[in-house]
Each structure stands twice: as C-alpha cells, then as structure tokens.
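What follows is a short report on a single structure.
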Amino acid sequence: MAESTHSIYKTEFLKGQVSRTVENHLDSLKQFVHYYNYERHPADLCGLTTMQVIAGKIPDKNYFKNQIAETKLNRVTTNRAFNKCAFVR
C-alpha cells in the first residue's frame, strides 16, 4: 500500500517537482493528503472520493455504464446539431 501511495504522490501530485526544503516537503505532503482523501476519484471507488466512501456512500459500479449508455443515445442528436462542419462537394 505504501508503495502505491508514494507512486501516486510522485506521479499525480508532484508531477516531477522536487521539494527544496523540509518545510516545503511537509507542506506538500499535507496538501497531498487532502488531495488523496477529498479530490482524487480512483476507478476502484466508481467516481467517489475516499472520504465519500468513509462517510457511507456506496460505490455504484453501474454509474459510468449508465452515463455511457445515455451518451450513446444522445450521440446522434448531438452530431446532427454539430453538422455545420459537413463536407460539401
């Protein structure tokens, strides 16, 4: 678990930046904990944050399936409305 959290810290949060001082690093870690618990939406939690699950929300595995199905139904209408860019010979 620690290895994956550290990897997320380096790749998603720091994005290649380096802490120059201990204070800077500790501040960065504090911001990361907030990001990880309140802003990050891992796929395992089906679009919820860690704190939403801890607060009692139950991840819905069909949440994205429903959105995808709804988008497929609306795709033709959306494409027709955008058809102003049609190729004309």
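Beta carbons closer than 7 Å, at least 6 apart along the sequence or on distinct chains, pair a first residue in segment 41-70 that is of a type in the set (Lys, Arg) with a second that is assigned to a loop (DSSP other than H, G, I, E, B) for 57/48; 61/46.
Against the conditions (1) modelled with pLDDT under 90; (2) part of a loop (DSSP other than H, G, I, E, B); (3) β-branched (Val, Ile, Thr), residue 78 satisfies every one except (2).
Residue count for segment 32-49, restricted to those that are in contact with an Asp or Glu (Cβ under 9 Å, 6 or more places away or on another chain) and among the aliphatic types (A, V, I, L, M): 1.
The values are calculated or read from the model by the stated rules, or taken from the named source; none is laboratory data. A quick note: this is a predicted structure, and the numbers were derived from the prediction, not measured. Please note: Cβ atoms are built from the backbone with ideal geometry, for glycine as well, and neighbour counts cover all protein chains shown.
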